[in-house]
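Enquirer: Let me give you the structure first, and then I'll get to my questions.
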Amino acid sequence: MSHWKIFLALAGLALLFVSSVSADDVVVLTEDNFEKEVGQDRNALVEFYAPWCGHCKRLAPEYEKLGTSFKKAKSVLIGKVDCDEHKSLCSKYGVSGYPTIQWFPKGSLEPKKYEGARTAEALTEFVNKEGGTNVKIASIPSSVVVLSRDNFDEVVLDETKDVLVEFYAPWCGHCKALASTYEKVAAAFKLEEDVVIANVDADKHKDLAEKYGVTGYPTLKFFPKNNKAGEDYNGGRDLDDFVAFINDKSGTSRDGKGQLTSKAGIVATLGDLVKEFVSAGDEEKKAVYSRLEEEVKKLKGSSARYGNIYLKCAKNHLEKGVDYVKKEIQRLDRILEKSVSPAKADELTLKKNILFTFA
């Protein structure tokens, strides 16, 4: 295997590793890491849950708010265990119903069961009292666009936007269970200018619900740029289901955390020309570059923007030699490992993805 192929393989493994260890503000606990995280040098509040449990789904947004609030409190860990996946661990701690929330003092694996209210406020008060902290509930900005009679048509019927709308009722249990996931969907696509994730209180705005044939809650409808009559969303209600749907319908390439995937920026119609460019001799490369320029001129919308990145990469390849691609990918990796804004991360990831086509 060539050094360059080894480099690409290691780069792929590095990306896999980063994606596998990245987590939400609530720490995911398993049989492998439980005793490495809990019972050590900090207190821990642990929710034992089951993915299918309605009470767990209703608790989820409150528990995530708790995790966000205590994210910077080094003396406290907020964690959760999937009891469907880790039955022996849940059995070990006497879990017989879901959700079960237990407090593990610093240095101890002997828990105390939490019996209080299942709200972020009540949980915060409990953790502060038990852990000697003074943390306040974090305010988490929403990325979901709130619709009403006043702005519904302006937002939903905009033919430059793909809009997913949840029609909900405040008293609806299934709506409350969906709320946390729906927030994550909105957050995942907040940098996509052509995609809007929105909701409307259909109990308050019954005329809108009636207009679009809504008879139960939550009802989800998708209003793509080319069909403002709307179409029913009948897919799954997990984050990955929504993300896959939007990516398919809108041509985006996001994952559940809002990061661009390895497919982002790739223009299929340029693939063969890039291969020809890479394998050509120095003089032939110039001729292939000219053809690449002509193809890029034919592109429209976001593809045109990506095409210009292809041209810059090809031009640098011509001017700086074959080592340019490898060195530039390594440079971008170093920057991405640092704390950069989401918009900057998008810009760098697009360039990196396109550079890989020249490798």
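Enquirer: Quick one: count up the residues across the range 66-125 that are over 22 Å from SER139 (Cβ atoms), small (Gly, Ala, Ser) and open to solvent by less than 20 Å² (accessible area, probe 1.4 Å).
Expert: Summing the residues that are over 22 Å from SER139 (Cβ atoms), small (Gly, Ala, Ser) and open to solvent by less than 20 Å² (accessible area, probe 1.4 Å) in the range 66-125 gives 1.
Enquirer: Just to be sure I understand the filter: pairs with C-beta atoms under 7 Å, separated by 6 or more residues or on different chains, first member in the range 292-313 and in contact (Cβ under 8 Å) with a residue 40 or more places away in the chain, second member of a type outside the set (A, V, I, L, M, F, W, C). Which pairs pass?
Expert: Every condition considered, the pairs that remain are TYR306/GLY265; ILE309/GLY265; ILE309/LYS351.
Enquirer: What tally of residues in the range 141-193 results from selecting those that are at pLDDT below 95, open to solvent by 30 Å² or more (accessible area, probe 1.4 Å), farther than 30 Å from LEU350 by Cβ and hydrophobic (A, V, I, L, M, F, W, C)?
Expert: Result for the range 141-193: 2.
Table: residues versus (1) under 18 Å from LEU348 (Cβ atoms); (2) crowded, with 18+ Cβ neighbours inside 10 Å; (3) under 30 Å from the mean Cα position of the chain (by Cα).
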residue: SER262; (1), (2), (3): yes, no, yes
residue: GLU293; (1), (2), (3): no, no, no
residue: VAL296; (1), (2), (3): no, yes, no
residue: ILE309; (1), (2), (3): yes, yes, yes
residue: CYS313; (1), (2), (3): yes, yes, yes
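Enquirer: State whether one or more residues within the range 45-55 are surrounded by fewer than 19 Cβ atoms within 10 Å (Cβ to Cβ) and in a helix (DSSP H, G or I).
Expert: Yes, because at least one residue in the range 45-55 is surrounded by fewer than 19 Cβ atoms within 10 Å (Cβ to Cβ) and in a helix (DSSP H, G or I).
Enquirer: Okay, moving on. Starting from the range 69-94, keep only residues that are among the aromatic types (Phe, Trp, Tyr), then list their pairs with residues that are open to solvent by 10 Å² or more (accessible area, probe 1.4 Å) and at pLDDT below 95 whose Cβ atoms are within a distance under 7 Å, requiring at least 6 positions of separation or different chains.
Expert: Sorted first by the residue in the range 69-94, then by its partner, the pairs are PHE70/VAL135.
Enquirer: A further question on this structure: I'd like the full set of residues that are assigned to a helix (DSSP H, G or I) and open to solvent by less than 60 Å² (accessible area, probe 1.4 Å), limited to the range 205-220.
Expert: Result: LEU208, ALA209.
Enquirer: Then there's this: Do we have any residue at all in the range 81-102 that's under 23 Å from VAL135 (Cβ atoms) and under 23 Å from the mean Cα position of the chain (by Cα)?
Expert: yes
Enquirer: Output the residue which, of all residues in the range 321-348 that are touching a residue at least 24 places away in the same chain (Cβ under 8 Å) and open to solvent by 30 Å² or more (accessible area, probe 1.4 Å), is farthest from ASP272 (Cα to Cα).
Expert: If we take residues in the range 321-348 being touching a residue at least 24 places away in the same chain (Cβ under 8 Å) and open to solvent by 30 Å² or more (accessible area, probe 1.4 Å), then PRO342 is farthest from ASP272 (Cα to Cα).
Enquirer: For the range 142-200: of the residues being assigned to a helix (DSSP H, G or I) and small (Gly, Ala, Ser), which is nearest to the chain's Cα centre (by Cα)?
Expert: Within the range 142-200, the match that is nearest to the chain's Cα centre (by Cα) is ALA188.
Enquirer: Something else: Criterion first (over 27 Å from GLY54 (Cα atoms), part of a loop (DSSP other than H, G, I, E, B) and out of contact with any Leu (no Cβ under 8 Å at 6 or more places or on another chain)) does ASN226 satisfy it?
Expert: Spelling it out, ASN226 is indeed over 27 Å from GLY54 (Cα atoms), part of a loop (DSSP other than H, G, I, E, B) and out of contact with any Leu (no Cβ under 8 Å at 6 or more places or on another chain).
The values are calculated or read from the model by the stated rules, or taken from the named source; none is laboratory data. Quantities reported herein were computed from a predicted structural model and do not represent experimental measurements. No Cβ is skipped: glycine too gets one built from the backbone with ideal geometry, and neighbour counts run over all protein chains shown. Only protein heavy atoms, including side chains, enter the accessible area calculation; ligands, DNA and RNA are left aside. Shrake-Rupley method; radii C 1.70, N 1.55, O 1.52, S 1.80 Å.
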